[in-house]
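The values are calculated or read from the model by the stated rules, or taken from the named source; none is laboratory data. All figures in this text were calculated on a predicted structure; none of them were measured in a lab. Glycine also receives a Cβ, built like all others from the backbone with ideal geometry; neighbour counts cover every protein chain displayed. Please note that ligands, DNA and RNA were not included when accessible areas were found on the heavy atoms of the full protein model with its side chains. Shrake-Rupley method; radii C 1.70, N 1.55, O 1.52, S 1.80 Å.
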Amino acid sequence: MSCREVLLQIAVPTKDFPLINKDPERLQYSCLVSTCKQRFLTIDSVQKYRPPTPKKLPPPSMTTLQTTVVPPRTINPKFQNLLKLIDWPSPPSSVTNLTFSTSPIKCSYSLLNPRKIYRIGENVEVIITARDHNGQTKKYGGDFFRAKLHSPALKAGVTGQVKDYNNGSYLVTFLLPWPGQAQVQIRLIHSSEAVDVLKRKREDSPGKVTFNGYFQFNGTSEVMECNLELPGHDVCTYKDPVSGNTWYCVRPQKLPCDTLVYHSTGRISKVTNEQEDSLLSGSVTNKIISGSVSTINVVSDNGSVGLTSNLSTCGPGLESLQPSGFYYGDLWTSLTCLGRHFPQPADALTCLRGKDIHMIGDSTLRQWFEYLEKFIPSLKRIDLHVSYKSGPLIAVDAGAGLVMRWRAHGLPIRTSKTMIADLHYDSAYLAGIGGGPHTVIVLTLWAHFTTFPVKFYLERLERVREAISDLLFRSPETTVIIKSANTGSRSLYGSDWLSLQLDILLREMFKGMGVIILDAWDMTSCHYIPENIHPGPPVIKNEVDLMLSYICPK
């Protein structure tokens, strides 16, 4: 039986991940050589049926199609299991105003079974009681609380795991990972009523953030609205020939569709009414709630060594625990694998010597590029005369054989005016990388999708997953690191709740692949510095150290 026939038989949807592509040649091409060899075939038979490498087209990577009508938005049935993972309780339809929403002032929490002394490795549990602005206990769940255990004096912190009982009560579980004192902090990020607004506006108002397309030819120029979806008939459709991603612009009045040259952020529209604004206002968003928990005293005979004694070296395929790690003395200790620290530039350079690094994502990943460029003196940037915000950027150390690149993940991207030809879609860019033991791919994809219906994000992740699967097929020794979302957003256009939803989908989409999921969520949510969508230097240093731990585990 051929690999093609075997794959047709085994390629069926599963509960955890539905079938993405039923095409037998594509399935066969996406199957790792090692897996096929182990289960069914010889290497010779894999090569016999392997289709040719897809043609890599040079930029610009978009093909102009004829004017079209945007079809009605529907969710592909194969994504239904994934959508269940982000299902969130909704408040009763009768609750629509601020008075009956959750109040951060009226909420409280208390410690379950308090003791005078605790030991490292034990768990502490806290119960949150949610109340509305009248002081009445809520009868339903859906509030978005975030919790951390921290010690400013020790520069220590760890996230708490929140369980919603759907009756106004929430259980928070904290791991005790360090010796000394610790304090509980619990914040109401959004009430359940505010979350309902975020969810509805995400799905029903994708045009609240728009983009500009700049058309130019022979001295004539026009600026038109562009987006992932546009209503009406008179639009230009641009389909990337490699990835299949699609982009739309309102058709110019004077110029043809194929004169699109530049892209930039457009306008941000208000899509909420006065009542919805009150639910999302700063007075009730990201507020610390009060509780009866005094300082927790933690003792241990051997410090936190016991928590990491059984961990393996960092590598692909490891699932992050909850919590995935903790800060102590301003250094991150991973609970997923044996992370390392790289205090000196020489340490980082030794790890990266001979590496070809491709970073594809948003500005939170560009911070990693900027950190390494500044941290390693011999790493010098080459000016490519492009828009800095979207790249591509490149830095090299010729003596060490190190090349490091960063570029934006392609449309949609909120950025300053930049050439369309410089905006390569992530999956199309990955299709042009040969890979190998010296190649490192670092990818993040979330921040610029929070304002759009989930359908668009799932379709994009699916294409990226296929591209990574193809890359690992041709070069299994390639290191692929996927940075998770991080915290620090509080608005309708970029809330932590919206980011969390996409982060859950991202982790599930790449589960079971030979990739590394680097958990930046925990690293940004329990540090002592104020949260920001662009984390401060201490957080970035620890994130990069963890990345280097996966590249150089020993």
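Contact annotation: residue pairs with Cβ atoms under 9 Å, 6 or more positions apart or on different chains, pairing a residue in the stretch 135-155 that is in contact (Cβ under 8 Å) with a residue 40 or more places away in the chain with a partner that is part of a loop (DSSP other than H, G, I, E, B) and among the aromatic types (Phe, Trp, Tyr), are 141/165; 142/88; 144/88; 150/528; 152/528; 154/178; 155/528.
For beta carbons closer than 9 Å, sequence separation of 6+ or different chains, a first residue in the stretch 195-208 that is surrounded by fewer than 18 Cβ atoms within 10 Å (Cβ to Cβ) and a second that is part of a helix (DSSP H, G or I) and of a type in the set (Lys, Arg), the qualifying pairs are 203/455.
Scanning the stretch 212-229 for residues that are buried (at least 22 other Cβ atoms within 10 Å of the Cβ) and either out of contact with any Pro (no Cβ under 6 Å at 6 or more places or on another chain) or closer than 21 Å to residue 460 by Cα (or both) gives 213, 226, 227, 228.
Just one of the listed residues (529, 533) is more than 27 Å from residue 356 (Cα to Cα), outside any helix (DSSP H, G or I) and free of Cβ contacts under 8 Å to residues at least 12 places away in the same chain, and it is 529.
Among the residues of the stretch 384-427 satisfying the criterion of being of a type in the set (Phe, Trp, Tyr) and out of contact with any Phe, Trp or Tyr (no Cβ under 7 Å at 6 or more places or on another chain), which is modelled with the lowest pLDDT?
Initially, the stretch 384-427 is screened for residues of a type in the set (Phe, Trp, Tyr), giving 388, 406, 425.
Adding the requirement that they be out of contact with any Phe, Trp or Tyr (no Cβ under 7 Å at 6 or more places or on another chain) leaves 388, 425.
Numbers: 388: 95, 425: 98.
Here the answer is 388.
Out of 348, 398, report the one residue that is aliphatic (A, V, I, L, M) and open to solvent by less than 30 Å² (accessible area, probe 1.4 Å).
Numbers: 398 fails: open to solvent by less than 30 Å² (accessible area, probe 1.4 Å).
It is 348.
If the condition is being under 25 Å from the mean Cα position of the chain (by Cα) and of a type in the set (Asp, Glu), then the stretch 192-249 contributes 193, 196, 203, 204, 229, 240.
The listed residues are 468, 481, 441, and the only one of them that is assigned to a helix (DSSP H, G or I), open to solvent by less than 10 Å² (accessible area, probe 1.4 Å), closer than 21 Å to residue 355 by Cα and at pLDDT 95 or above turns out to be 468. Among the residues making up the stretch 102-116, those that are assigned to a loop (DSSP other than H, G, I, E, B) and either at positive phi or buried (at least 18 other Cβ atoms within 10 Å of the Cβ) (or both) are 103, 104, 106, 107, 113.
Determine whether the stretch 425-438 contains at least one residue that is under 20 Å from residue 535 (Cα atoms) and either in contact with a Pro (Cβ under 7 Å, 6 or more places away or on another chain) or buried (at least 20 other Cβ atoms within 10 Å of the Cβ) (or both). Full working, then the answer.
If we filter the stretch 425-438 for residues that are under 20 Å from residue 535 (Cα atoms), which is where we start, we get none.
No: zero hits.
State whether the residues of the stretch 356-368 include one that is in a loop (DSSP other than H, G, I, E, B) and either in contact (Cβ under 8 Å) with a residue 40 or more places away in the chain or of a type in the set (Gly, Ala, Ser) (or both). Step through it out loud before you land on a result.
Step one: filter the stretch 356-368 for residues in a loop (DSSP other than H, G, I, E, B), giving 362.
If we keep only those that are either in contact (Cβ under 8 Å) with a residue 40 or more places away in the chain or of a type in the set (Gly, Ala, Ser) (or both) too, we end up with 362.
Checking the stretch 356-368: at least one residue is in a loop (DSSP other than H, G, I, E, B) and either in contact (Cβ under 8 Å) with a residue 40 or more places away in the chain or of a type in the set (Gly, Ala, Ser) (or both).
Looking only at the stretch 370-389, residues that are open to solvent by 80 Å² or more (accessible area, probe 1.4 Å) and either in contact with a helix residue (DSSP H, G or I) (Cβ under 7 Å, 6 or more places away or on another chain) or part of a loop (DSSP other than H, G, I, E, B) (or both) come to 6 in all. Exactly one residue out of 159, 173, 237 is in contact with a Pro (Cβ under 6 Å, 6 or more places away or on another chain), hydroxyl-bearing (Ser, Thr, Tyr) and either open to solvent by less than 20 Å² (accessible area, probe 1.4 Å) or under 30 Å from residue 325 (Cβ atoms) (or both): that is 159. Which is in contact with a His (Cβ under 8 Å, 6 or more places away or on another chain) and at pLDDT 75 or above, of 103, 93? Testing whether each residue is in contact with a His (Cβ under 8 Å, 6 or more places away or on another chain) and at pLDDT 75 or above leaves just 103. Criterion applied to 461, 498, 492 was being buried (at least 22 other Cβ atoms within 10 Å of the Cβ), part of a loop (DSSP other than H, G, I, E, B) and aliphatic (A, V, I, L, M), and the one residue passing it is 492.
Filter the stretch 209-235 down to the residues that are polar (S, T, N, Q) and touching a residue at least 40 places away in the same chain (Cβ under 8 Å), then identify the one that is nearest to residue 269 (Cα to Cα). Give the steps one after another, and end with the answer.
So in the stretch 209-235, the residues polar (S, T, N, Q) come out as 210, 212, 216, 218, 220-221, 227.
If we keep only those that are touching a residue at least 40 places away in the same chain (Cβ under 8 Å) too, we end up with 210, 212, 216, 227.
Values: 210: 8, 212: 14, 216: 26, 227: 14 Å.
If we take residues in the stretch 209-235 being polar (S, T, N, Q) and touching a residue at least 40 places away in the same chain (Cβ under 8 Å), then 210 is nearest to residue 269 (Cα to Cα).
Pairs are defined by a Cβ separation below 6 Å, a sequence spacing of at least 6 or placement on different chains, a first member in the stretch 165-186 that is modelled with pLDDT of 95 or more, and a second member that is open to solvent by 40 Å² or more (accessible area, probe 1.4 Å) and basic (Lys, Arg); the pairs so defined are 168/139; 171/163. The set of residues in the stretch 526-542 being open to solvent by less than 10 Å² (accessible area, probe 1.4 Å) and either polar (S, T, N, Q) or touching a Leu at 6+ places or on another chain (Cβ under 7 Å) (or both) consists of 542 alone. For the stretch 302-324, the set of residues classified as among the small types (Gly, Ala, Ser) and out of contact with any helix residue (DSSP H, G or I) (no Cβ under 6 Å at 6 or more places or on another chain) consists of 303, 304, 306, 309, 312, 315, 317, 320, listed by residue number.
Taking every residue in the stretch 403-430 that is on the phi < 0 side of the Ramachandran plot and assigned to a helix (DSSP H, G or I) and pairing it with any residue that is open to solvent by 40 Å² or more (accessible area, probe 1.4 Å) and among the β-branched types (Val, Ile, Thr), at least 6 positions away or on another chain, the pairs with Cβ-Cβ distances below 8 Å are 422/386; 427/242; 428/242.
With respect to the conditions (1) at pLDDT below 50; (2) open to solvent by 70 Å² or more (accessible area, probe 1.4 Å), residue 84 lacks only one, and its number is (1). Cβ-Cβ contacts under 9 Å between residues 6 or more apart (or on different chains), taken from a first residue in the stretch 536-548 that is of a type in the set (Phe, Trp, Tyr) to a second residue that is surrounded by fewer than 21 Cβ atoms within 10 Å (Cβ to Cβ) and at pLDDT 95 or above, are absent.
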